[in-house]
Amino acid sequence: MGLTIGIVGGGLMGCLAALTFAKRGERVVLFERRDRLMAGASAGNEGKLHHGFTYGMDRTGDTRAVMHRFGTRFLPVLERLFDRRLGELVLHRRQIYALHRDTRLDEAEAEIHMSGMASLLRPNGRHVTGDGQQTVVRLDPDELAGRFSGLVTAAWDVAEPSLDCPALMQLVTQAVAESDGIDIRT
């Protein structure tokens, strides 16, 4: 007789864990305190696959390295779980990070942080993505002035994707509901 795996929490991570175990042939009971799956933070997040750009105050670079490692792996792992490409879930492949003039991170520190991020994102030692775009581009003064008020002192256009959260939640919720190996308890 096999073991049954209990997972507490029917958000994105709980559902993905349940699907992973069920795909391996394990029996899973997924417990969610609300009346439906994906009812909390998973349903309301920004969908950004964080690569570490928001962690400029971490002078060691450890946080950005961890976020980068897991942020870049998320979509490929999801595609393996669903046995198909999920490019339709990608809304944007780039983000703009702006530095407010009153931030605790000064412009020189932000530039160092963004350079460190560019180093992490370099495929084959080059500062470009697979589609030939630079990984991190600092906006020039004219573009900065055209996009932002004087409250923003610098901004960078970066290679960091975001996903269509409602579509992802629907895909995952449907897969969990259709799985014979998962018992949902709300």
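The values are calculated or read from the model by the stated rules, or taken from the named source; none is laboratory data. These figures come from a predicted structure and were not determined experimentally. So basically every Cβ, Gly included, is an ideal-geometry build from the backbone, and we count neighbours across all protein chains shown. Areas reflect the complete protein model, heavy atoms only, side chains present, ligands, DNA and RNA absent. Shrake-Rupley method; radii C 1.70, N 1.55, O 1.52, S 1.80 Å.
Could you check the stretch 66-94 and list, in sequence order, the residues that are in contact with a helix residue (DSSP H, G or I) (Cβ under 8 Å, 6 or more places away or on another chain), farther than 14 Å from residue 50 by Cα and not aliphatic (A, V, I, L, M)?
Answer for the stretch 66-94, where residues must be in contact with a helix residue (DSSP H, G or I) (Cβ under 8 Å, 6 or more places away or on another chain), farther than 14 Å from residue 50 by Cα and not aliphatic (A, V, I, L, M): 82, 85, 88.
Tell me, please, whether a residue that is farther than 30 Å from residue 21 by Cα, modelled with pLDDT of 90 or more and assigned to a strand (DSSP E or B) can be found in the stretch 100-117.
Checking the stretch 100-117: at least one residue is farther than 30 Å from residue 21 by Cα, modelled with pLDDT of 90 or more and assigned to a strand (DSSP E or B).
Please identify the pairs in which a residue from the stretch 165-180 that is over 20 Å from residue 50 (Cα atoms) has its Cβ atom under 9 Å from the Cβ atom of a residue that is open to solvent by 40 Å² or more (accessible area, probe 1.4 Å) and not in a helix (DSSP H, G or I), counting only partners at least 6 apart or on another chain.
173/36; 176/184; 177/184
Residues of the stretch 132-159 being open to solvent by less than 20 Å² (accessible area, probe 1.4 Å) and either farther than 18 Å from residue 112 by Cβ or not in a strand (DSSP E or B) (or both), which ones?
Residues satisfying the conditions are 135, 139, 159.
Name the single residue, out of those in the stretch 1-57 being farther than 24 Å from residue 87 by Cβ and β-branched (Val, Ile, Thr), that is surrounded by the most Cβ atoms within 10 Å (Cβ to Cβ).
That would be 28.
State whether the residues of the stretch 131-143 include one that is touching a Leu at 6+ places or on another chain (Cβ under 8 Å), closer than 23 Å to residue 66 by Cα, of a type in the set (A, V, I, L, M) and modelled with pLDDT under 95.
yes
Take residue 72 and tell me if it is of a type in the set (Val, Ile, Thr), in a helix (DSSP H, G or I) and surrounded by 15 or more Cβ atoms within 10 Å (Cβ to Cβ).
yes
Quick test of your reading of the structure: residue 163 fulfils all but one of (1) at pLDDT below 95; (2) open to solvent by 40 Å² or more (accessible area, probe 1.4 Å). Name the failing condition by number.
Condition (2) is where residue 163 drops out.
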